[in-house]
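Engineer: Below are the C-alpha cells for one structure; questions will follow.
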C-alpha cells in the first residue's frame, strides 16, 4: 500500500506465522476501551524515567558537530590543529580523518560521505570533536578553521526548476520524473461541471521540534557497540548503524526505553550516531552527543513546503465531477519524498470519477525532509478542504452536506478496493450534531472588531492499518503476574499501556501486575519503528496472540489439575473457573503446574492484513474561531474531533492523541513556518522557539472535544483498532482556515495565518467590499 | 467576549521576558552569603567553589563560571528530572523552583544559584510517594512523551504556591512559559486544577 514504505521494510513480506491461538473478535471488553492512566506515569512524573539525554556514564566524554554555515558550499580545507589544543579536547575528526571515512545516505538513492566535501544545506556536518565537557567541545568547534567555496543557493521550491537556478545535483534539481496519477478524464469532468474553482495554495515548511533534542550516547565494549538513543525505532537505528559501520547486527545494541517525542524525525539513524560511535572508539570512552536546538532546526528533518494548484468541478447538486492537482514539494538537499502523499486526499477522500494529480519533487539547498506526522496529508488537506469549502459556498450547499454526499464506499485511490470499515459519514454527521454546526453557522459574526466563525474539514490517512512484522512475548509468572516483551517504542502515545491492557483483557491480570519491557534490540523482540499511526494496530494483535497462547497453556494446566475438559474452563480476573460449576476454580497463583514451571511463555506475531481490503482511519473536525479585524489575531475558541480509528483501546490516551493532534494542527494553521533568507544568504532565520513559534497553552483552546466514532474493524485485525496519531492532525489546519473565512470572508491560501499575512488580506477585502 | 480581555496583552513573549531574566533575578533575590562570594575576577579555566542547596541537601562542587544550574543538576548531580529542551530560555523543560519561584535552570548560572533553595521535580516526592501535582498529572494523563513534564510540574507547583486557587485563565497564563510539543495542554489545565484541590485538601 502506498505510504507504508515510510514505516515498514520495502518489498513484500514472506508469510508470517499466525501466532498460535485463533483470536475471535471481542464482543465485550472489560479493560480495553476504559480510561487508564499510563502504566509508566509514575516514572514520567517523578523524574525517574531515564531518557537517552539523561544517561550519564562513568568516564563519559561529550561530542559536538561543526556544521556548515552556508546553504551550499564546498569544503576546501579543514584545519583542526588549534582545536586539538583546546583544554579538555580528546578527539577531533573531519573529512580526511581515516576513522571518519564512512559512507552515509539520506535516502538509499544517493550515497554520500559522513563528512562530505559538498554541503547541500546549512547545517551539514563538517567536523566533530569529543571533550571532557560539552562547553569545552563547543570551544573546540569554534577553534576549527574551515575554508569554504561558497556556492549559489536556491531555497524556494517554486524557484528550484527555474532555468537560472543553481544546480544542486548532477542531474538537475528535479528528483526523478513527476509522479502522475490519473483516473477518468478530467477535461470531460470539468466540462460536465456547473461550477469550476481553481486556486493555488502553499503550506510553509514545519520543524518537528520534539522536546527531547536529537542525540545519543555511544559506548564500545571491545567490538560491541551500545547506543542509548532517543528514537521511534531501535531496530531501524541498529540496522543502519551496523550496515554503515560494517559490523554485525549482533554487535550493535540500541536502547530507547523512554524518548521525548519524534513526530517522524526520529524514525531511523542520523549522522550523529556514526559520529558518536567513531569518537567513542577513537577515545575508548563513552561519548554523549546531543544536538543543540538550533541544530535540530537545520538538519534533522522537516515537513517540506508544498505549493499546490488545485482545480475542482462540481454540479449544482453537489456531485464532484473532476479534481486536478499539481504539487511541487521540496525534498531539500537530497531526495527525501518532498512531494510525497500530498495528493493522497485528492485521490481517495471523496467520490470523484475524474482525477489527475501531478507531483514534482525538487531539490533545494535546505535540510532534507523527513516524515512528519501524516506526511503530505495536512498539506493536501489545506488545499482540498479549503477548495471543497469554496465549492459549497459557490453552489449554496452546507459544507458538511457536500462532503456527506461525496463519501466513497471504496478506496478509489487503490483501484476501488473496499475499505474494511469507513466511518467518514458518521464522523461528518455525528461531529456536526455534537458541535452544533448548523446553529453555529447561522450565528452572526459579531459587530466589534472580533468576528466569530465556524469551520470544518475532513480527512483520511493512507496508512494506519499496521501490519507484520512484529513479535511479542508474554510471560506469566508463578504468582500470576505478567511480563510483556516487545521491541516497539512508546513515543508518547501510550503504547506500553495499551498493550498491557490487552494482556489484562485476555488474562485477567491487573495492570499494576504487568511489567512491560520494550525498545531494546538487546533484550526485546523485533519491531518496526513507531510511526505512521501503525503501532497500536501492529502490536496489539501480536500482543493479543501472545496472551492467548499463554491462556491456552494455562487452561491446559488447569484442566489437568481440576480434571475437567479444557472447553469447560474459562480464565477471568486471574482465576480459572468451570463454566458448569463455578465452585470448581483455581486462581493462577495456585496452579501447581505453573509454580513448578516457574513461567508460561506465549509468543505472538502479527498476522498479515487481508489482501482485498483497505484499512484506513477517517476524521471530521469542527472549530470556532474569533478573528480581530484590526490586529489580524486569530483565536481558536473550541474544537471538536470526530475520529474513526476503529476500536478505542484506552479512552484516556485516545483523547490525549486527539488534543495533541489538534494542537499541532493549530500550529500549522496559525504560527509555524520555517523562514529562510531567500534574498541574500539562503540561511535559516527562524532557528529557535522565539522565531519559530510552537503553540503554547495560550494558543489553543482548553475546550477540545474528542468524539470517537467507534467502529471496531474486525476484518482488519484481531483487536479491531486502526491508527489514530496522524489522522487527528490532518484536517485541523484546513478547518481553522475555513473558520477564518467564515468569520471574515477572507480566504487565506498560504500557511500560517499570521497577523502579518492576514491584515493586508483583510484590508484588501475592505477595499473591494 | 470572554473574561480574559485583561490578560490578552500578556503574550508568551512577555512572560518569557519575565522568566528569561532568571539569572539576574536569582542574583537579586536575596543577599548572597559573604563567605561564599565568588572572587571578583576569575582566570580562564578557573573553577569556582560553590555550595548548592538542592531539595534540602547541600552539594559542594567546583564549577566553571559558565556552567548553568541545569548542566550541574543533570550532568554533575545526577538529578536528571530537569530536562534540557532549548538551553536558551524558550521552552521551560528545565523549570525548577528557586526560593519557591519557577525559574529556567538553563538561564541560571550554577554560581548564581548559591545561597538559594533549589527545588527540582525529584524534590516534590515524599519518599517514593508522588506529590499532589505529580499525582494530578498522572491521573489526568497530562503528558504524552513526558519530556516537558517535569518542567510543567514545577511551573504548576510554583503557580500553586503563589496562587493556591487559580482561575482557568490564571492557569493558562501561569503555564504558558512551558511548551508541550505533544500538545497535551488541555489535559495539563485539568491536572493543574485538580492539583490545586489536592494541595488544599492537605495533599496526598
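Engineer: Condition first: surrounded by fewer than 24 Cβ atoms within 10 Å (Cβ to Cβ) and either in the same structural domain as residue A:521 (by TED's automatic domain parsing) or in a loop (DSSP other than H, G, I, E, B) (or both). Now tell me which residues in segment A:215-257 satisfy that.
Structural biologist: Result: A:222, A:223, A:246, A:247, A:248, A:257.
Engineer: Additional query: Please go through segment B:114-143 and give me each residue that is buried (at least 20 other Cβ atoms within 10 Å of the Cβ), more than 7 Å from chain A (Cβ to nearest Cβ) and not in a loop (DSSP other than H, G, I, E, B), ordered by number.
Structural biologist: B:118, B:119, B:123, B:124, B:132, B:133, B:135, B:136
Engineer: Go through (1) in a loop (DSSP other than H, G, I, E, B); (2) more than 22 Å from residue A:423 (Cβ to Cβ); (3) within 14 Å of chain B (Cβ to nearest Cβ) one by one and return the number of the condition residue A:480 breaks.
Structural biologist: (3)
Engineer: Do we have residue A:617 as out of contact with any helix residue (DSSP H, G or I) (no Cβ under 8 Å at 6 or more places or on another chain) and more than 14 Å from chain B (Cβ to nearest Cβ) here?
Structural biologist: Spelling it out, it is not the case that residue A:617 is out of contact with any helix residue (DSSP H, G or I) (no Cβ under 8 Å at 6 or more places or on another chain) and more than 14 Å from chain B (Cβ to nearest Cβ).
Engineer: Something else: Only one residue in A:11, A:19 is in a loop (DSSP other than H, G, I, E, B), at pLDDT below 95 and in contact with a strand residue (DSSP E or B) (Cβ under 7 Å, 6 or more places away or on another chain). Which one?
Structural biologist: Matching residue, one of A:11, A:19: A:19.
Engineer: Would you check if there is a residue in segment A:260-267 being crowded, with 22+ Cβ neighbours inside 10 Å, touching a strand residue (DSSP E or B) at 6+ places or on another chain (Cβ under 6 Å) and within 14 Å of chain B (Cβ to nearest Cβ)?
Structural biologist: No: segment A:260-267 contains no residue that is crowded, with 22+ Cβ neighbours inside 10 Å, touching a strand residue (DSSP E or B) at 6+ places or on another chain (Cβ under 6 Å) and within 14 Å of chain B (Cβ to nearest Cβ).
Engineer: In this structure, does residue A:702 turn out to be modelled with pLDDT under 95, part of a loop (DSSP other than H, G, I, E, B), outside the structural domain of residue A:32 (by TED's automatic domain parsing) and over 30 Å from residue A:538 (Cα atoms)?
Structural biologist: Taking the combined requirement at face value, the residue satisfies it.
Engineer: Conditions first: (1) out of contact with any strand residue (DSSP E or B) (no Cβ under 7 Å at 6 or more places or on another chain); (2) outside the structural domain of residue A:322 (by TED's automatic domain parsing). Residue A:438 passes all but one, so which condition is the exception?
Structural biologist: With (1) out of contact with any strand residue (DSSP E or B) (no Cβ under 7 Å at 6 or more places or on another chain); (2) outside the structural domain of residue A:322 (by TED's automatic domain parsing) applied to residue A:438, the lone miss is (2).
Engineer: If you go through segment B:49-71 one residue at a time, do you hit one that is outside any loop (DSSP other than H, G, I, E, B), within 11 Å of chain A (Cβ to nearest Cβ) and over 14 Å from residue A:133 (Cβ atoms)?
Structural biologist: Checking segment B:49-71: not a single residue is outside any loop (DSSP other than H, G, I, E, B), within 11 Å of chain A (Cβ to nearest Cβ) and over 14 Å from residue A:133 (Cβ atoms).
Engineer: Within segment A:440-452, is even one residue without any contact (Cβ under 8 Å) to a residue 40 or more places away in the chain and either closer than 18 Å to residue A:388 by Cα or assigned to a strand (DSSP E or B) (or both)?
Structural biologist: no
Engineer: Restricting to segment B:144-161, and then to whatever is at negative phi and within 7 Å of another protein chain (Cβ to nearest Cβ), can you tell me which residue is surrounded by the fewest Cβ atoms within 10 Å (Cβ to Cβ)?
Structural biologist: Out of the qualifying residues, it is B:145.
Engineer: Same structure again: Which residue pairs have Cβ atoms under 9 Å apart, sit 6 or more places apart or on different chains, and have a first residue in segment B:177-204 that is farther than 24 Å from residue A:662 by Cβ and a second that is at pLDDT below 95 and surrounded by fewer than 24 Cβ atoms within 10 Å (Cβ to Cβ)?
Structural biologist: B:198/B:204
Engineer: Here's another thing I want to ask about it. Looking only at segment A:295-332, how many residues end up being at positive phi and either surrounded by fewer than 24 Cβ atoms within 10 Å (Cβ to Cβ) or touching a helix residue (DSSP H, G or I) at 6+ places or on another chain (Cβ under 8 Å) (or both)?
Structural biologist: 1
Engineer: Test of understanding: among A:373, A:347, which residue is modelled with pLDDT of 95 or more, in a loop (DSSP other than H, G, I, E, B) and within 25 Å of the chain's Cα centre (by Cα)?
Structural biologist: Selected residue: A:373, the only one of A:373, A:347 that is modelled with pLDDT of 95 or more, in a loop (DSSP other than H, G, I, E, B) and within 25 Å of the chain's Cα centre (by Cα).
Engineer: Another one. Would you be able to tell me the number of residues in segment A:673-699 that are closer than 24 Å to residue A:626 by Cβ and either in a helix (DSSP H, G or I) or more than 11 Å from every other protein chain (Cβ to nearest Cβ) (or both)?
Structural biologist: Number of matching residues: 4.
Engineer: Can you confirm whether residue A:48 is under 26 Å from residue A:254 (Cα atoms) and either modelled with pLDDT of 95 or more or more than 12 Å from every other protein chain (Cβ to nearest Cβ) (or both)? Full working, then the answer.
Structural biologist: On the way: under 26 Å from residue A:254 (Cα atoms): yes; either modelled with pLDDT of 95 or more or more than 12 Å from every other protein chain (Cβ to nearest Cβ) (or both): yes.
When the stated conditions are applied, residue A:48 passes them.
Engineer: Taking segment A:53-82 as the search range and keeping residues that are farther than 15 Å from residue A:218 by Cα and assigned to a loop (DSSP other than H, G, I, E, B), which one is nearest to the other protein chains (Cβ to nearest Cβ)?
Structural biologist: Once the filter is applied, the top-ranked residue is A:69.
Engineer: Right, something else. Determine whether residue B:196 is more than 10 Å from every other protein chain (Cβ to nearest Cβ) and within 18 Å of the chain's Cα centre (by Cα). Step through it out loud before you land on a result.
Structural biologist: Details: more than 10 Å from every other protein chain (Cβ to nearest Cβ): yes; within 18 Å of the chain's Cα centre (by Cα): yes.
Here the answer is yes, as residue B:196 does meet what is asked.
Engineer: Moving to a separate point now. Of the residues that make up segment B:163-170, is at least one in a helix (DSSP H, G or I), more than 8 Å from chain A (Cβ to nearest Cβ) and at pLDDT 95 or above?
Structural biologist: yes
Engineer: Among the candidates A:632, A:602, A:646, A:598, single out the residue that is surrounded by fewer than 21 Cβ atoms within 10 Å (Cβ to Cβ), modelled with pLDDT of 95 or more, over 30 Å from residue A:760 (Cα atoms) and away from every other protein chain (no Cβ under 13 Å).
Structural biologist: A:598
Engineer: Run residue A:431 past the list (1) crowded, with 24+ Cβ neighbours inside 10 Å; (2) in a strand (DSSP E or B); (3) more than 21 Å from the chain's Cα centre (by Cα) and report the number of the one that doesn't hold.
Structural biologist: Unmet condition: (2).
Engineer: Would you check if residue A:706 is touching a residue at least 12 places away in the same chain (Cβ under 8 Å), surrounded by fewer than 24 Cβ atoms within 10 Å (Cβ to Cβ) and in contact with a helix residue (DSSP H, G or I) (Cβ under 8 Å, 6 or more places away or on another chain)?
Structural biologist: yes
Engineer: If you don't mind, another one. Residue B:188 versus (1) touching a strand residue (DSSP E or B) at 6+ places or on another chain (Cβ under 8 Å); (2) at the interface with chain A (Cβ under 8 Å from one of its Cβ atoms); (3) within 20 Å of residue A:261 (Cα to Cα): which is the lone unmet condition?
Structural biologist: (1)
Engineer: Considering each residue of segment A:705-728, count those that are within 10 Å of chain B (Cβ to nearest Cβ) and in a loop (DSSP other than H, G, I, E, B), and give that number.
Structural biologist: Result for segment A:705-728: 1.
The values are calculated or read from the model by the stated rules, or taken from the named source; none is laboratory data. Quantities reported herein were computed from a predicted structural model and do not represent experimental measurements. No Cβ is skipped: glycine too gets one built from the backbone with ideal geometry, and neighbour counts run over all protein chains shown.
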